[in-house]
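J.: First the structure, which I've put down as structure tokens, then a few questions once you've had a look.
The values are calculated or read from the model by the stated rules, or taken from the named source; none is laboratory data. Values in this document were obtained by computation on a predicted structure and should not be read as measured data. Heads up, the Cβs are rebuilt from the backbone with ideal geometry, glycines too, and the neighbour counts pull from every protein chain shown. These accessible areas exclude ligands, DNA and RNA; they are computed on the full protein's heavy atoms, side chains included. Shrake-Rupley method; radii C 1.70, N 1.55, O 1.52, S 1.80 Å.
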Amino acid sequence: MIVGRFVGKEALGAVGGVTGVLINVIVNLFVGLSSGTTVVVAQLYGAGRHREVSYAVHTSVALALAGGLGLTVIGLAAAPLALTAMDTPADVMPHALIYIRIVLIGVIPSFLYNIGAGVLRAVGDTRRPVYFLIAACLTNIVLDLLFVAGMGMGVKGAALATILSQTLSAVLTLLSLNRTPACYRFIPWRIGFRRNPLQRVLLVGLPAGLQSNMYSFANIIIQTCINYFGTDTVAAWTAHGKIDGFFWMIMTAYGISVTTFAGQNFGAQRYDRVRQSVRAGLVMAAVTAVTLSGLYGFFARPLLGIFNDDPAVLEIGVQIVSITVPYYITYVCVEILAGAIRGCGNALSPMLMTACGICLLRIVWILTAVPLSRTLFTVLVSFPLSWAVTSVIFIIYYNRCHWLERCINRSGEKLPTDPVQQ
């Protein structure tokens with residue numbers, strides 16, 4: 001909002017628009033890896049294997065440092081080529097390059113926060129990660145006002161505010177882990193790789209990260225199509241993405257909750273509670289989807305106007321909302337069912353189903369349908385179509401493919417003899 005109001009629609013299109021999909025490729029990969037930490041720590045903690053919990057925590061922090069450094073270097077080198085390949089509008093390109101180069105420097109703190117928050121959530125502490133994010137977000141807003149509105153630093157100021165706030169959240173998270181007396185305490189000099197926890201984290205986290213990036217890769221192609229329609233459409237798409245993001249963050253939170261709950265109970269061999277968490281998650285996610293889609297659809301114009309009041313941008317934004325938002329409900333099963341399956345240690349199947357239902361279907365649609373009718377409607381309809389198809393795939397797999405029994409057999413545990421636990 002601050003960038004759109006004080007710098008202009010070209011900067012708005014750069015901050016979170018064309019740069020957002022590229023940054024998300026890197027961030028989503030490590031958010032997925034941090035979910036591997038969450039699953040492994042939750043299972044070990046639920047099983048009472050406290051020494052192994054400590055090994056998993058310090059291995060994950062080492063992974064955050066090494067992976068963050070490597071991805072920062074790769075991102076800085078690849079960003080200009082990627083923005084050019086996406087047909088970024090010429091008036092947006094300078095803002096996009098400045099913004100992405102600065103934000104990539106803050107990748108390591110972002111990774112450290114996600115790992116630390118994943119550990120805290122795995123042991124049931126979901127409050128402190130929220131408090132740390134509140135502190136970081138408030139800091140981000142204040143610094144945005146200071147750097148962008150007050151000092152006139154433009155997108156450079158917005159990027160600096162972002163990485164400084166990410167650093168704050170990382171420091172607060174690591175300090176909280178350092179000060180706990182519990183088995184998941186973080187001790188800096190114990191950072192290092194241990195083969196067994198590293199393998200377990202990667203076994204769950206890497207497919208989860210790739211699954212998250214299925215959305216990003218497909219959205220890069222869609223963003224390229226959006227860029228084709230010009231700066232007004234890019235600005236409208238960016239403004240929509242900021243509001244639309246509230247829905248996706250809440251869905252992700254439900255998915256993380258189900259993953260953590262399923263992981264702890266799978267480790268404790270309470271398999272009946274895994275399915276209970278799915279039923280509860282589906283109800284909450286469905287109610288949220290219906291409520292938010294109704295509110296956003298009704299208040300679309302004033303909400304989009306917060307970011308930019310250009311009439312052309314607003315008109316396109318309202319069109320985007322009408323095509324995508326009413327169909328939020330069709331996505332619910334994807335996040336909840338994937339969370340439960342992943343929490344029990346099977347991250348490969350959700351990744352493959354997402355690859356087919358989200359990534360492959362959207363790419364096929366863009367390559368076949370869009371050339372026949374090069375309109376914004378044709379591009380955007382790929383979203384509800386892919387959500388619905390992928391949900392159907394997940395429902396069939398969850399109910400028909402005996403995935404939980406295979407996870408139990410792979411873990412070396414015995415199948416429960418009590419029918420209630422079945």
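J.: Just from its helices, what would the mean residue ellipticity at 222 nm be for the chain, if runs of 4 or more DSSP H residues each count -39500 (n - 2.57) and the sum is divided by every residue, rounded to the nearest 500 deg cm²/dmol? Let's see the in-between values first.
T.: Values: 19 runs with 330 residues, N = 422.
Dividing the helical sum by the residues of the chain leaves -26500 deg cm²/dmol.
J.: Under the rule that a partner needs its Cβ under 4.7 Å from the first Cβ, which Cys of the chain have none?
T.: By the Cβ distance rule, which asks for a partner under 4.7 Å, the isolated cysteines are C137, C183, C225, C333, C356, C359, C401.
J.: Could you work out how much longer the chain between A77 and V287 gets when fully extended? Use 0.36 nm per residue separation minus the Cα distance between them, nm to one decimal. Mind dumping the intermediate values first?
T.: On the way: separation 210, 0.36 × 210 = 75.60 nm, distance 4.31 nm.
That pair, A77 and V287, stretches by 71.3 nm at full extension.
J.: With a 1.4 Å probe and every protein chain left in place, work out the accessible area per residue of segment 292-422 in Å², rounded to a whole number. All intermediate terms of the calculation are to be shown ahead of the outcome.
T.: Details: 6080 Å² over 131 residues.
Solvent-accessible surface per residue comes out at 46 Å².
J.: What is the packing order of peptides 327-336, 129-138, taking the mean over residues of other C-beta atoms within 10 Å and listing the highest first?
T.: Numbers: 327-336: 22.9, 129-138: 16.0.
In descending order of packing, they fall as 327-336, 129-138.
J.: So, in nm, how far is label A312 from label Y228 when the simple model puts each one 7 Å beyond its Cα toward the Cβ?
T.: About 1.9 nm, to one decimal.
J.: What full-extension length gain, to one decimal in nm, is calculated for Y327 and L175 as 0.36 nm per residue of separation minus the Cα-Cα distance?
T.: Values: separation 152, 0.36 × 152 = 54.72 nm, distance 4.13 nm.
Gain in length upon complete extension: 50.6 nm.
J.: Now for a separate question. Would you mind telling me the share, in percent, of accessible area of segment 275-413 contributed by carbon and sulfur at probe 1.4 angstrom? Present the calculation step by step, with values, prior to reporting the outcome.
T.: Values: 4350 of 6150 Å².
That share works out to 71 percent.
J.: Can you give the charge dipole size of the chain about its Cα centre, rounded to the nearest 20 debye, using +1 on the beta carbon of Lys and Arg and -1 on the beta carbon of Asp and Glu? Let's see the in-between values first.
T.: Working: 28 positive and 16 negative charges, 307 e Å.
I would put it at about 1480 debye.
J.: Which whole number in µm²/s is D for segment 43-150 by Stokes-Einstein, with the Kirkwood Rh taken over Cα pairs at 4 °C and 1.567 mPa s?
T.: Values: Rh = 16.7 Å.
Translational D for this selection: 78 µm²/s.
J.: A follow-up question, please. Starting from 0.36 nm per residue, how many nanometres of slack lie between A388 and R101 once their C-alpha separation is accounted for? Kindly include the intermediate steps, with their values, before the conclusion.
T.: Values: separation 287, 0.36 × 287 = 103.32 nm, distance 3.61 nm.
Difference between extended and current length: 99.7 nm.
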